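A short write-up of the structure that comes next.
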Amino acid sequence: MAVESPYTPDDLESLGLSTEKLPSHIAIIMDGNGRWAQSRNLPRIEGHRRGVHSVRAIVEECARLGMDQLTLYCFSSENWKRPRPELDLLMNLLQRYVVAERDEIMRQDIQFQTIGRTDRIGRNILAEVNKTIELSQDNPGMKLCLALDYGARDEVVHAVRSIAEKVRTGELKTDEIDESTVSEHLYTAEMSDPDLVIRTAGEMRISNFLLWQISYAELWVTETLWPDFRQPELFAALKDFAARDRRFGGLNQK
């Protein structure tokens, strides 16, 4: 049972929103932390630190709106190419976040989840991540999913290998493989597909994020850098989403 939104229909109407036209699942590509810092002559890590404040604000606002799920692209499989000092600081921020926000996650009844590889994340960091997942697994509120060491192509390869192994052992026949089979073997098997994908910092690309799952998602791009992304930008995306004519390849009857 989901937790009811503290916003009433009248509240949403006053904000230019409506319950019926809110997305159930939002996915965000959080971009621009480094540029935010560099534009202020600060080290890149200061942009990442400031970005954590945006994470906190948007998680809280989406929970208040009664979203079913919020997925945040926190660390891609390609991010390992960054300099070691920056990687160490990013991992430190991740560990501090899952510890510092644990009480708030529980207070808001948020169910914390992650997708992506776990074999390259430090053992101590992974232990704190898993502790927050375990403590919140029965929470009835919004699902908060962090994509960590995540790459969509790697995810598809992992799914193909899992399916191939089932075919090899006779557990699955090739003519039984369909779209649902693939979906069931992705990291997101227990999750709904995103309705809305938000990308900050003006970049017009997907960056290897949820390639299978966002086939019919609406895309919304803002020039705002992630450290400056707050409620006004989120509501602008939601209002734009509400105005879209979502046909999923068909035609809406007028």
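To keep it simple, each residue is scored yes or no on (1) among the β-branched types (Val, Ile, Thr); (2) at positive phi; (3) in a helix (DSSP H, G or I).
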residue: Glu78; (1), (2), (3): no, no, yes
residue: Glu86; (1), (2), (3): no, no, yes
residue: Leu90; (1), (2), (3): no, no, yes
residue: Ile105; (1), (2), (3): yes, no, yes
residue: Asp109; (1), (2), (3): no, yes, no
residue: Phe112; (1), (2), (3): no, no, no
residue: Arg117; (1), (2), (3): no, no, no
residue: Asn124; (1), (2), (3): no, no, yes
residue: Ala127; (1), (2), (3): no, no, yes
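For the range 107-128, which positions are surrounded by 15 or more Cβ atoms within 10 Å (Cβ to Cβ) and farther than 25 Å from Asp88 by Cα?
Gln108, Asp109, Ile110, Gln111
Since Leu172 meets every condition but one in (1) surrounded by fewer than 20 Cβ atoms within 10 Å (Cβ to Cβ); (2) farther than 27 Å from Arg247 by Cβ; (3) out of contact with any helix residue (DSSP H, G or I) (no Cβ under 9 Å at 6 or more places or on another chain); (4) not charged (D, E, K, R), which condition does it not meet?
It fails just one condition, (3).
Within the range 129-140, track down each residue that is surrounded by 21 or more Cβ atoms within 10 Å (Cβ to Cβ) and not in a helix (DSSP H, G or I).
Selection gives nothing.
Considering each of Asn139, Asn130 in turn, give the residue that is modelled with pLDDT of 95 or more, closer than 21 Å to Trp80 by Cβ and polar (S, T, N, Q).
Going through Asn139, Asn130 in turn, the sole match is Asn130.
I need the full set of residues from the range 38-57 which are in contact (Cβ under 8 Å) with a residue 40 or more places away in the chain and surrounded by 16 or more Cβ atoms within 10 Å (Cβ to Cβ), in order please.
Residues satisfying the conditions are Arg44, Ile45, Gly47, His48, Arg49, Arg50, Gly51, Val52, Ser54, Val55.
Mind counting the residues in the range 193-204 that are outside any strand (DSSP E or B) and either of a type outside the set (Asp, Glu) or touching a helix residue (DSSP H, G or I) at 6+ places or on another chain (Cβ under 6 Å) (or both)?
So the count comes out to 5.
Consider Arg199 carefully, then state whether it is modelled with pLDDT of 95 or more and surrounded by 15 or more Cβ atoms within 10 Å (Cβ to Cβ). It would help to see each step written out before you state the result.
Working: modelled with pLDDT of 95 or more: yes; surrounded by 15 or more Cβ atoms within 10 Å (Cβ to Cβ): yes.
Judged against the criteria, Arg199 is a match.
Filter the range 205-228 for residues that are in contact with a helix residue (DSSP H, G or I) (Cβ under 9 Å, 6 or more places away or on another chain) and charged (D, E, K, R); which is most open to solvent (accessible area, probe 1.4 Å)?
Asp228
Within the range 175-196, can you find the residues that are open to solvent by 80 Å² or more (accessible area, probe 1.4 Å) and under 21 Å from the mean Cα position of the chain (by Cα)?
Within the range 175-196, Glu184, Glu190, Asp193 meet the criteria.
Across the range 10-37, what is the total count of residues that are open to solvent by 80 Å² or more (accessible area, probe 1.4 Å) and within 25 Å of Leu89 (Cβ to Cβ)?
Kept after step one, since they are open to solvent by 80 Å² or more (accessible area, probe 1.4 Å), are these residues of the range 10-37: 10, 13-14, 19-21, 35.
Imposing the further condition that a residue be within 25 Å of Leu89 (Cβ to Cβ) reduces the set to 35.
Result for the range 10-37: 1.
Report yes if some residue within the range 8-17 is under 28 Å from Ile214 (Cα atoms), in contact with a Phe, Trp or Tyr (Cβ under 9 Å, 6 or more places away or on another chain), assigned to a helix (DSSP H, G or I) and touching a residue at least 24 places away in the same chain (Cβ under 8 Å); otherwise report no.
No, the range 8-17 contains no residue that is under 28 Å from Ile214 (Cα atoms), in contact with a Phe, Trp or Tyr (Cβ under 9 Å, 6 or more places away or on another chain), assigned to a helix (DSSP H, G or I) and touching a residue at least 24 places away in the same chain (Cβ under 8 Å).
Given the options Arg44, Arg35, name the one that is more than 26 Å from Leu219 (Cα to Cα) and either touching a Ser or Thr at 6+ places or on another chain (Cβ under 8 Å) or of a type in the set (Lys, Arg) (or both).
Going through Arg44, Arg35 in turn, the sole match is Arg44.
The values are calculated or read from the model by the stated rules, or taken from the named source; none is laboratory data. It should be emphasised that the depicted structure is a prediction, and the values quoted were computed from it without experimental measurement. Using ideal geometry, Cβ is built from the backbone for each residue, glycine included, and neighbour counts are taken over all protein chains shown. With ligands, DNA and RNA removed, areas are computed over all heavy atoms of the protein, side chains included. Shrake-Rupley method; radii C 1.70, N 1.55, O 1.52, S 1.80 Å.
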